[in-house]
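What follows is a set of notes on a single structure, which appears directly below.
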Amino acid sequence: MNQLFLPAAEPVDIALRGFARAHPGLVTLHEDPLHVTAVHRHPDRRVGLVSGGGSGHEPLHAGFVGRGMLDAAAPGRIFASPHNRQVYEASRHAAGPDGVLHVVKNYTGDRINFGIAAERLRADGIPVRRVLVDDDLATESDETATGRRGTGATAVVEKLLGGAADSGLGIDELAALGAEFVAASRSVAVAGRAQTSPARGGTAFELAPGDVEYGVGIHGERAQVTVPRPSFDDLVERMTGQVLDALPATNDDGVILFVNGLGATTLLELYAVHETVAGLLDKRGATVAGRLVGSYVPALDMSGFSVTVTALRPGWLTWWDAPSHTPAFPRQELPR
């Protein structure tokens, strides 16, 4: 039976103390209520950027706190939304002279708790706006009342918003841009094995040998479709085609390609996926101008991967390439 190596008592709290101890020059941990803030921010930033969500997706979101990306993050328990008090205090710490922008994945708990925090912030006189990330094609259905889930595109949106915020844009401009970033991004994920259940051990759901869950969520949600495992090339081609067909038309600015591991997938596998997807994009006339490969939005130790593509618009690549320094996102340096 699979087991996670986690302490029995308050694993999220202990892990966050270890995270903060490992990155003392980048982040500060606040334990009551639990949230993480950046030590440094760009002097031109007028709006604080705050995100958060359930734990088990590390490095999302705390690993993206730092200069050039998020100013604060509110981590919930494993696969559970942070409490609105966490979001509120994180936002008060992060707010700039023009207020605070929340980056929220489209899950009911996150929407509710960020919404309550936003009401409290407005009552304090702090301007607040929200960018709702809903990129998951597996939940794009008229039968899904809550709409598409927020998944891998969250990391792309947070990096683009960080670059834009450091250019000195105001809160309304950033909120509008964030909505555009989301609209230009789509994702789909597959898994060959479920994540380990932290509470009871063993896999959270069972798959028959040779099957693949097509369209899993980052909280370990089963897909609506279980398919016999196709060949590597057929699987990646299907995923790439589905994502591209759902995107707005690409142009000469190219795309950002994000190949994300779901926790137990090796870099050997992820780089093979990246090479194959990039080749398919070339054939479709979409140039890969920005890229990210690694396990940045996992579902604990699920064996699988997701493909995210963002269709760039003029000026966006500058924000993707803008300098950043966080514990987990690949460090961007000033050009020499």
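General remarks:
- Given (1) of a type outside the set (A, V, I, L, M, F, W, C); (2) surrounded by 15 or more Cβ atoms within 10 Å (Cβ to Cβ); (3) more than 26 Å from Thr151 (Cβ to Cβ), index of the condition Glu10 fails: (2)
- Boolean, Thr28 is open to solvent by 40 Å² or more (accessible area, probe 1.4 Å), more than 22 Å from Arg149 (Cα to Cα) and not in a loop (DSSP other than H, G, I, E, B): yes
- Filter result for Arg193 (in contact (Cβ under 8 Å) with a residue 40 or more places away in the chain, at negative phi and not polar (S, T, N, Q)): yes
- Segment 230-252: number of residues that are at pLDDT below 95 and surrounded by 15 or more Cβ atoms within 10 Å (Cβ to Cβ): 2
- Across segment 253-263, a minimum of one residue is classified as more than 30 Å from Ala72 (Cβ to Cβ), touching a residue at least 24 places away in the same chain (Cβ under 8 Å) and open to solvent by less than 10 Å² (accessible area, probe 1.4 Å).
- Residues satisfying the stated conditions in segment 142-170, i.e. among the hydrophobic types (A, V, I, L, M, F, W, C) and open to solvent by 20 Å² or more (accessible area, probe 1.4 Å): Ala145, Leu169
- For segment 176-196, filtered to residues that are open to solvent by less than 20 Å² (accessible area, probe 1.4 Å) and out of contact with any helix residue (DSSP H, G or I) (no Cβ under 8 Å at 6 or more places or on another chain), the residue that is nearest to Phe5 (Cα to Cα) is Thr196.
- Within segment 235-282, tally of residues that are farther than 15 Å from Leu137 by Cβ and of a type in the set (Phe, Trp, Tyr): 1
- Annotation note: of Gly290, Gly241, the sole residue that is in a strand (DSSP E or B) and among the small types (Gly, Ala, Ser) is Gly290.
- Scan segment 258-282 for residues that are outside any helix (DSSP H, G or I), of a type in the set (A, V, I, L, M) and touching a Gly at 6+ places or on another chain (Cβ under 6 Å) and the total you get is 1.
- Those strands (runs of 3 or more DSSP E) of segment 35-133 in which at least 1 residues are open to solvent by 20 Å² or more (accessible area, probe 1.4 Å) and modelled with pLDDT of 95 or more, considering only elements entirely within it, cover 72-78, 128-133.
- Note on segment 201-216: residues that are closer than 17 Å to Gly263 by Cβ and of a type in the set (Phe, Trp, Tyr) amount to 1.
- Qualifying positions in segment 13-25 - outside any loop (DSSP other than H, G, I, E, B) and open to solvent by 50 Å² or more (accessible area, probe 1.4 Å): Ile14, Ala15, Arg17, Arg21, Ala22
- Selected residue (criterion: farthest from His274 (Cα to Cα)) from residues of segment 299-325 that are in contact with a Pro (Cβ under 9 Å, 6 or more places away or on another chain) and open to solvent by less than 10 Å² (accessible area, probe 1.4 Å): Ser324
- Residue under evaluation Gly285, criteria (1) small (Gly, Ala, Ser); (2) modelled with pLDDT of 95 or more; (3) open to solvent by 20 Å² or more (accessible area, probe 1.4 Å); (4) assigned to a loop (DSSP other than H, G, I, E, B), criterion not met: (2)
The values are calculated or read from the model by the stated rules, or taken from the named source; none is laboratory data. Not measured: the values here are computed from a predicted model. Quick reminder, even Gly has a Cβ in these numbers, built from the backbone with ideal geometry, and neighbours come from all protein chains shown. The accessibility values were calculated without ligands, DNA or RNA, using every heavy atom of the protein model including side chains. Shrake-Rupley method; radii C 1.70, N 1.55, O 1.52, S 1.80 Å.
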